[in-house]
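To start, the structure under review is shown below, and the notes come after it.
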Amino acid sequence: MADKQEVAKRDSAEVERTDRAPGSVMLPPADVFEDAEGITLQLDMPGVAKDRFNLQANKNTLLIEGSARIEMPQGMEALYADVRSTLYRRSFVLSDELETDKTEASLKDGVLTVRIPKRAEVRPRRIEVRTG
């Protein structure tokens with residue numbers, strides 16, 4: 001029982017050093033949708049500002065990284081946190097059907113939305129039937 005009291009009395013910087021493994025990352029939950037025009041990925045990345053993202057498309061791999069900044073009110077310090085890391089990272093293998101150079105990304109309410117269109121030649125197209 002004495003051990004638990006000593007842990008609770010430790011300095012918050014000391015707790016952070018022992019609880020967080022160097023290089024630990026969080027895997028953000030993701031939803032992937034496909035339609036005739038391309039794919040859409042939605043990733044939950046709360047606390048990550050627009051300027052703290054790194055999105056890279058290299059050949060057939062999409063890498064998404066983001067660093068969250070958790071601001072504490074002045075004069076307060078965290079004694080306990082469920083979150084052990086502030087770095088999100090996730091990668092996806094992409095099909096050759098996608099045009100990664102036309103990737104678009106937007107951020108709203110902690111949800112990153114990434115849209116990658118399909119190449120024009122693999123999109124379904126409507127063929128008009130003429131009479132006569």
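Listing LYS102, LYS118 from fewest to most neighbouring C-beta atoms within 10 Å gives LYS102, LYS118. Here the Karplus curve 6.51 cos²θ - 1.76 cosθ + 1.60, taken at θ = phi - 60°, turns the phi angles of the range 112-125 into couplings of 8, 10, 10, 10, 10, x, 7, 4, 4, 6, 9, 6, x, 10 Hz, with x standing for Gly and Pro. Cα centroid separation, the range 94-114 to the range 66-83: 29 Å. Among the chymotrypsin sites (Phe, Trp or Tyr not before Pro) within the range 63-132, those in coil by DSSP and having at most 13 neighbouring Cβ atoms inside 10 Å are TYR80.
Let a ≥ b ≥ c be the square roots of the eigenvalues of the Cα gyration tensor of the range 30-132; is it rounded (a/c under 1.5), or, if not, prolate (a/b larger than b/c) or oblate? Cα axes put the range 30-132 in the prolate bin.
Just so you know, all these numbers are worked out from the coordinates, no wet-lab data involved. Please read all numbers here as calculations on a predicted model, not as lab measurements. All Cβ positions, even for glycine, are placed from backbone atoms using ideal geometry, and neighbour counts span all protein chains on display.
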